[in-house]
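> Structure below; questions to follow.
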Amino acid sequence: MTGNYCSYRQRVLVVDANTLLHCQRFDKIPWSRVCGKGPATLVIPHVVVEEIDTKSYSEGSEKIKKRARGVYELLGDVLKGLSTDGRFELHDGTEVQVLRDELGHRRLPNNDDEVVARAAHLQQAIAPRQITVITRDNGMRGKAMTWCLPWDFPPDKYLIPEDGFGTKHREANLASISVDVPEDGDDTYSAVGP
């Protein structure tokens with residue numbers, strides 16, 4: 001991976017498409033405050049930019065298409081700022097960077113795999129600074145854990161409530177797979193054979 005990561009702050013937050021689509025406007029979230037103390041760099045992998053673009057016209061419900069178009073407009077502002085000034089800063093001082101693919105980079109077939117692989121490469125490039133993957137997507141969290149990458153949820157108060165991703169929804173999902181088991185003292189397994 002080539003690139004100049006000197007400007008990246010001490011805390012680097014890598015976001016996925018799920019976060020950009022199911023949270024309020026990413027440019028209004030005070031990332032430097034809600035994901036720890038102090039200045040942060042919010043990193044949007046190139047594949048996430050393309051995934052948002054694709055969702056804006058070809059996938060999912062009209063609600064998601066419309067939301068994706070709005071997010072893509074915001075990403076356009078970031079890209080314009082990066083091409084003009086070389087940087088884009090949010091109202092709270094969080095710097096936004098797009099993790100561009102190098103020329104000749106061959107992407108993995110699954111977008112979640114690609115995001116996590118890029119985050120792992122970024123972690124190597126900026127060590128000892130630490131990246132954190134910000135997501136509500138179960139698959140993305142599992143893949144980040146497999147690569148031993150720290151992850152965190154976007155705070156509930158910044159989620160779009162009707163999407164069903166908050167803590168209360170998570171607790172309801174967990175409750176749906178819980179059953180009462182009688183305490184008969186016998187936890188042994190007995191196979192019934194022929």
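The values are calculated or read from the model by the stated rules, or taken from the named source; none is laboratory data. What you see is a predicted model; the values in this text were computed from it and never measured. So basically every Cβ, Gly included, is an ideal-geometry build from the backbone, and we count neighbours across all protein chains shown. The protein model used for the area step is the full one, side chains on, heavy atoms only, and it has no ligands, DNA or RNA in it. Shrake-Rupley method; radii C 1.70, N 1.55, O 1.52, S 1.80 Å.
> Among the residues in region 76-84, are any under 19 Å from Tyr158 (Cβ atoms) and in contact with a Leu (Cβ under 7 Å, 6 or more places away or on another chain)?
No, the conditions are met nowhere in region 76-84.
> Same structure, new question: When you go through (1) surrounded by 14 or more Cβ atoms within 10 Å (Cβ to Cβ); (2) more than 19 Å from Asp112 (Cβ to Cβ); (3) in contact with a helix residue (DSSP H, G or I) (Cβ under 8 Å, 6 or more places away or on another chain); (4) without any contact (Cβ under 8 Å) to a residue 40 or more places away in the chain one by one for Gly81, which number turns out not to apply?
Result: Gly81 passes all but (3).
> What pairs can you find where one residue is in region 142-154 and free of Cβ contacts under 8 Å to residues at least 24 places away in the same chain and of a type outside the set (Ser, Thr, Tyr), the other is part of a loop (DSSP other than H, G, I, E, B) and open to solvent by less than 80 Å² (accessible area, probe 1.4 Å), and their Cβ atoms are less than 9 Å apart, with a gap of 6+ or different chains?
Trp151/Thr135; Phe153/Thr135; Phe153/Arg136; Phe153/Phe165
> For Ser58, are the conditions met, namely being more than 27 Å from Ala127 (Cβ to Cβ), open to solvent by 50 Å² or more (accessible area, probe 1.4 Å) and either touching a helix residue (DSSP H, G or I) at 6+ places or on another chain (Cβ under 8 Å) or of a type in the set (S, T, N, Q) (or both)? First the steps, then the outcome.
Working: more than 27 Å from Ala127 (Cβ to Cβ): yes; open to solvent by 50 Å² or more (accessible area, probe 1.4 Å): yes; either touching a helix residue (DSSP H, G or I) at 6+ places or on another chain (Cβ under 8 Å) or of a type in the set (S, T, N, Q) (or both): yes.
Yes: the conditions hold for Ser58.
> Same structure again: Check region 18-26 and report whether any residue there is exposed (fewer than 15 other Cβ atoms within 10 Å of the Cβ) and either over 18 Å from Asn111 (Cβ atoms) or of a type in the set (Asp, Glu) (or both).
Yes, region 18-26 has at least one match.
> Given the structure, is Val15 among the aliphatic types (A, V, I, L, M) and farther than 22 Å from Leu103 by Cβ?
So Val15 passes the test.
> On the basis of being open to solvent by 50 Å² or more (accessible area, probe 1.4 Å) and in a helix (DSSP H, G or I), does Arg33 make the cut? Walk me through it before giving the result.
Numbers: open to solvent by 50 Å² or more (accessible area, probe 1.4 Å): yes; in a helix (DSSP H, G or I): yes.
It is true that Arg33 is open to solvent by 50 Å² or more (accessible area, probe 1.4 Å) and in a helix (DSSP H, G or I).
> Moving to a separate point now. Within region 106-152, which residues are of a type in the set (Lys, Arg) and exposed (fewer than 13 other Cβ atoms within 10 Å of the Cβ)?
Arg106
> Would you check if Phe165 is closer than 28 Å to Ile29 by Cα, at pLDDT below 75, among the aromatic types (Phe, Trp, Tyr) and open to solvent by 40 Å² or more (accessible area, probe 1.4 Å)?
Details: closer than 28 Å to Ile29 by Cα: yes; at pLDDT below 75: yes; among the aromatic types (Phe, Trp, Tyr): yes; open to solvent by 40 Å² or more (accessible area, probe 1.4 Å): yes.
Yes, satisfied.
> Which residue out of Arg69, Arg106, Arg100 is out of contact with any Phe, Trp or Tyr (no Cβ under 7 Å at 6 or more places or on another chain), touching a residue at least 60 places away in the same chain (Cβ under 8 Å) and farther than 19 Å from Thr135 by Cα?
Numbers: Arg69 fails: touching a residue at least 60 places away in the same chain (Cβ under 8 Å); Arg106 fails: touching a residue at least 60 places away in the same chain (Cβ under 8 Å).
From the options Arg69, Arg106, Arg100, the qualifying one is Arg100.
> Answer with yes or no whether Ser32 is touching a Ser or Thr at 6+ places or on another chain (Cβ under 6 Å) and either among the basic types (Lys, Arg) or modelled with pLDDT under 90 (or both).
Working: touching a Ser or Thr at 6+ places or on another chain (Cβ under 6 Å): yes; either among the basic types (Lys, Arg) or modelled with pLDDT under 90 (or both): yes.
Spelling it out, Ser32 is indeed touching a Ser or Thr at 6+ places or on another chain (Cβ under 6 Å) and either among the basic types (Lys, Arg) or modelled with pLDDT under 90 (or both).
> Would you kindly identify the helices (runs of 4 or more DSSP H) lying entirely within region 54-159 that contain at least 2 residues that are over 15 Å from the mean Cα position of the chain (by Cα) and closer than 19 Å to Leu42 by Cα?
It comes to 62-85, 111-126.
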